[in-house]
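No lab work stands behind these numbers, since they all come straight from the coordinates. Just so it is clear, the structure is predicted and the values come from calculations on it, not from any experiment. Note that each Cβ is placed from the backbone with ideal geometry, even for glycine, and that neighbours are counted across all protein chains shown.
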Amino acid sequence: MKLGAHALPSAVFVAPMAGITDRPFRRLARRYGAGLAVSEMVSARPELRASRKSLLRLDHAGEPAPISVQIAGADPVMLAQAARHNVERGAEIIDINMGCPAKKVCNVFAGSALLADENLVARIVAAVVAAVPVPVTVKIRTGSSPAQRNAVRIAQIVEAAGAQLLAIHGRTRACMFEGQAEYDTIAEVKSRVRIPVIANGDIATPEDAKCVLALTGADGIMIGRAAQGRPWLFRCITHYLATGERLAAPRPREIGEVLVEHLDGLYDLYGEEQGARVARKHIGWTVRQLPGGESLRHAVNGMTVAHAQRAAVNDYFERLAA
Ligand SMILES: Cc1cc2nc3c(=O)[nH]c(=O)nc-3n(C[C@H](O)[C@H](O)[C@H](O)COP(=O)(O)O)c2cc1C
């Protein structure tokens, strides 16, 4: 798939997840074949640019191109300035968040709250497209609520305003994460616009990926929660889509090496203390279905020192591999 000047290595993308898809996670996912890994959202508000959180979210050192930065906000001028600011700092794609239902985002009328104001959506996308020389992409939900599923109109607006790709999570804002994602609306959107459409929501296995692509006719898929603790899922899915063959799960040795690399990336990015805290959930997700995983999870949750955490993980996987 092409996006502007960028030839993406696959049409299986990582979904942006604030607090999870930081640089260490994105690097692993890309290495395992994810075609694009959008950053966690950063606020468009200029007063937040220098916050530690924003600076960490915008650290792309060593990340493979193209670097895609997601911006969140509701004011077209501010979003345009934020897009420019991020492009000056290395973003090669700007993604606009119109999909997040989180209160913190929606209270300021951003994220998926924007879907209720089609005029504002048009002004935001046009302003951001005019502000930067790089491709602009948009991530949406199917509408504000099941009674107001306006994703087709939003998609047409976004396309007319110059966005080059649209990702859709098959739930409305009101649905939060409840129930099952639906793909009919995504199929309808795909049939009504010419820009690439990426389907998202509840894709957890290679078979799900194939099924959602067939149901929607989408150009690609985006995977979030199912990749938590399993960055190799991108390899399994891209391989299955290309060959119809299911790859065996990675062996404990590979899982251990990947997890330790992930931990080292977290300690390096956040510093050892915060890194050890952030690492806990990733360790828990990685070992949740492995023998003795629950005891390891308990043990590392009590650890505040990075080298002790790393050593516990190493020991666990050495025992498992033996
Ligand atoms: C913890 C968490 C954080 C998220 N953060 C963002 C975000 O920063 N920007 C965004 O557009 N979507 C965000 N999302 C939504 C995901 O990108 C995705 O649309 C959603 O999880 C559905 O896909 P999945 O079923 O594959 O997880 C987040 C989801 C989760 C679970």
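Let's see how each residue does on (1) within 22 Å of Pro135 (Cβ to Cβ); (2) among the basic types (Lys, Arg):
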residue: His6; (1), (2): yes, no
residue: Val12; (1), (2): yes, no
residue: Gly19; (1), (2): no, no
residue: Asp22; (1), (2): no, no
residue: Arg31; (1), (2): no, yes
residue: Leu48; (1), (2): no, no
residue: Arg52; (1), (2): no, yes
residue: Pro64; (1), (2): yes, no
residue: Asp75; (1), (2): yes, no
Step by step: first the residues of the range 33-57, then only those that are within 15 Å of the ligand (Cβ to nearest atom) and of a type in the set (S, T, N, Q), then the one that is surrounded by the fewest Cβ atoms within 10 Å (Cβ to Cβ). Which residue is that?
Ser54
Regarding Val87, is this residue β-branched (Val, Ile, Thr) and either in contact with a Pro (Cβ under 7 Å, 6 or more places away or on another chain) or crowded, with 19+ Cβ neighbours inside 10 Å (or both)?
no
When the range 215-250 is examined, which residues are found to be away from the ligand (no atom under 13 Å from the Cβ), part of a helix (DSSP H, G or I) and within 22 Å of Ile20 (Cα to Cα)?
Arg235, Cys236, Thr238
For the range 139-152, give me each residue that is touching a helix residue (DSSP H, G or I) at 6+ places or on another chain (Cβ under 8 Å) and closer than 16 Å to Pro101 by Cβ.
Ile140, Arg141, Thr142, Gly143, Ser144, Gln148, Arg149, Asn150, Ala151
Some residue of the range 25-47 being farther than 20 Å from Gly224 by Cβ, among the charged types (D, E, K, R) and either part of a loop (DSSP other than H, G, I, E, B) or in contact (Cβ under 8 Å) with a residue 12 or more places away in the chain (or both):
yes
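Quick check on the range 1-32: of everything there that is aliphatic (A, V, I, L, M) and within 10 Å of the ligand (Cβ to nearest atom), which residue is surrounded by the fewest Cβ atoms within 10 Å (Cβ to Cβ)?
Of the range 1-32, the ones aliphatic (A, V, I, L, M) are 1, 3, 5, 7-8, 11-12, 14-15, 17-18, 20, 28-29.
Now narrow it down to the ones that are within 10 Å of the ligand (Cβ to nearest atom): 14-15, 17-18, 20.
On the way: Val14: 27, Ala15: 24, Met17: 17, Ala18: 19, Ile20: 20.
If we take residues in the range 1-32 being aliphatic (A, V, I, L, M) and within 10 Å of the ligand (Cβ to nearest atom), then Met17 is surrounded by the fewest Cβ atoms within 10 Å (Cβ to Cβ).
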